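Read through the structure below, which is laid out as structure tokens, and then see the notes.
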Amino acid sequence: MVRIGINLLGLNFENPLLLASGINDKVPEQWIRAHEEGAGGVVTKSIGIEPRDGYDNPTIVELPCGLINAMGLPNPGWRGFLEMVEGYTFDFPLIVSIFGGTPEEFAFLAEKLSDVADAFELNLSCPHAKGYGMEIGQKPENVYEVVKAVKDATDRPVVAKLTPNIDDITKLGLAAEKAGADAVSAINTLKAIAIDVYAKRPVLSNRVGGYSGPGVKPVALRAVYDLAKALDIPVIGIGGITTWEDAVEFLLAGASALQIGTAVSLRGWGVFREISEGLRRYLRDEGFSSVEEIVGLALEE
């Protein structure tokens, strides 16, 4: 009997696959669709204090090995978010992603949204929104202050989402752990650009965006591997997970759970079921009875 359900952050997930915060998770109907298609849990679009329209189109460009997006953190604000989820009940863990410009803003959002969130993911890594995300999250001291402020404001589990746009991501992970984070997630997108050779200018309205998809997988896998070796808290792997083999690699590298985002855009919602079924077959064929048994096996000397 193979069991692919996991317990993480004190929450029970049907499997280790979560819908990632990004471009496919703006409204409850998308979260429910992800779960119906096989996701074990959901991370929402990042929510801020005030509503944001985001950047003008074009905001996404498709490349041979992924996407570059610069959405500009569009969201309804915390009040609009509460109105949006009113009347819904979710039979899966809902992790609410939040962003702010200061530790106080993060803490305010955590306090206001604690009644609807099973856990929080702190967006410390968006590469294209001025004054937010990566601009805060590249410094370990800022990561520490934000995580600590949120931990003081809520009793919900806290996950720090880390940027790869730094010389050593473990510095950020160690700062989050020291501040009391319950887990870290890595990686967010890589800072990138695409240029239209005929228009002779950048494709995206914001010029610079975040690169995601299969092309970033080796970078993400290395980050998860390094973090899992350095930290005592769980690591949630993100970045280019498209097949069950990708998922297994991240688990072997030390990820306790996985987030999938760009693969939904490239392959459709059914990617969750495809990966979970492949993971189940792998565990059975290799003689394992649970996901936990393979987490971190590649870390062993």
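Nothing in this text is a laboratory measurement; each read-out follows from the coordinates by a stated rule. Computed from a predicted structure; not experimentally measured. Because the Cβ atoms are built from the backbone with ideal geometry, glycine has one as well, and the counts that use them run over all protein chains shown.
Structure above, values below:
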{"read-out": "Proximal lysines relative to LYS217, as straight alpha-carbon distance under 29 Å, when same-chain residues fewer than 8 apart are discounted", "value": "LYS26, LYS45, LYS130, LYS139, LYS161, LYS171, LYS178, LYS191, LYS229"}
{"read-out": "Computed lengthening from ASP232 to ARG201, 0.36 nm per intervening residue step minus Cα-Cα distance", "value": "6.6 nm"}
{"read-out": "Peptides 200-206, 3-9 ordered by average Cβ neighbours within 10 Å, highest first", "value": "3-9, 200-206"}
{"read-out": "Gained length - ASP152 relative to ASP168, 0.36 nm times residue gap less alpha-carbon distance", "value": "3.1 nm"}
{"read-out": "Listed candidates (i) 17.6, 51; (ii) 25.4, 91; (iii) 17.9, 58 - label of the one calculated as Rg and Dmax of the Cα atoms in Å", "value": "(iii)"}
{"read-out": "The stretch 188-253, dipole about Cα centre (Lys/Arg Cβ +1, Asp/Glu Cβ -1), debye to the nearest 20", "value": "460 debye"}
{"read-out": "Dipole in debye (nearest 20) - the stretch 251-300, about Cα centre, beta carbon charges: Lys, Arg +1; Asp, Glu -1", "value": "280 debye"}
{"read-out": "Charge dipole (the chain, unit charges on Cβ, about Cα centre) - positive-most of LEU252, SER290, ILE169", "value": "ILE169"}
{"read-out": "Spatial extent of the stretch 1-91: Rg and Dmax, with the Cα atoms as the point set, Å", "value": "15.4, 50"}
{"read-out": "Residue among MET84, PRO28, SER97 farthest towards the positive dipole end of the stretch 1-118, charges placed on Cβ", "value": "SER97"}
{"read-out": "Exposure proxy ranking, count of Cβ atoms within 10 Å, fewest first, for LEU109, LEU11", "value": "LEU11, LEU109"}
{"read-out": "Estimated dipole of the chain in Debye, rounded to 20 [Cβ of Lys and Arg +1, of Asp and Glu -1, Cα centre]", "value": "800 debye"}
{"read-out": "Protection-proxy order for peptides 34-43, 49-58, 242-251, 182-191, each taking the mean of Cβ atoms within 10 Å per residue, highest first", "value": "182-191, 34-43, 242-251, 49-58"}
{"read-out": "Span-rule helices in the chain, defined as complete DSSP H runs reaching 18 Å or more along the axis (Cα) with Kyte mean at least 0.0", "value": "217-230"}
{"read-out": "Computed helical MRE - 222 nm, the chain, DSSP H runs ≥ 4 contributing -39500 (n - 2.57), nearest 500", "value": "-10000 deg cm²/dmol"}
{"read-out": "Euclidean distance of C-alpha centroids, the stretch 32-76 and the stretch 148-202, integer Å", "value": "15 Å"}
{"read-out": "Cα gyration tensor shape of the stretch 244-301, rounded if a/c is under 1.5, else prolate or oblate by comparing a/b with b/c", "value": "oblate"}
{"read-out": "Lys/Arg +1, Asp/Glu -1 at C-beta; the chain dipole; positive extreme among VAL61, LEU8, PRO202", "value": "PRO202"}
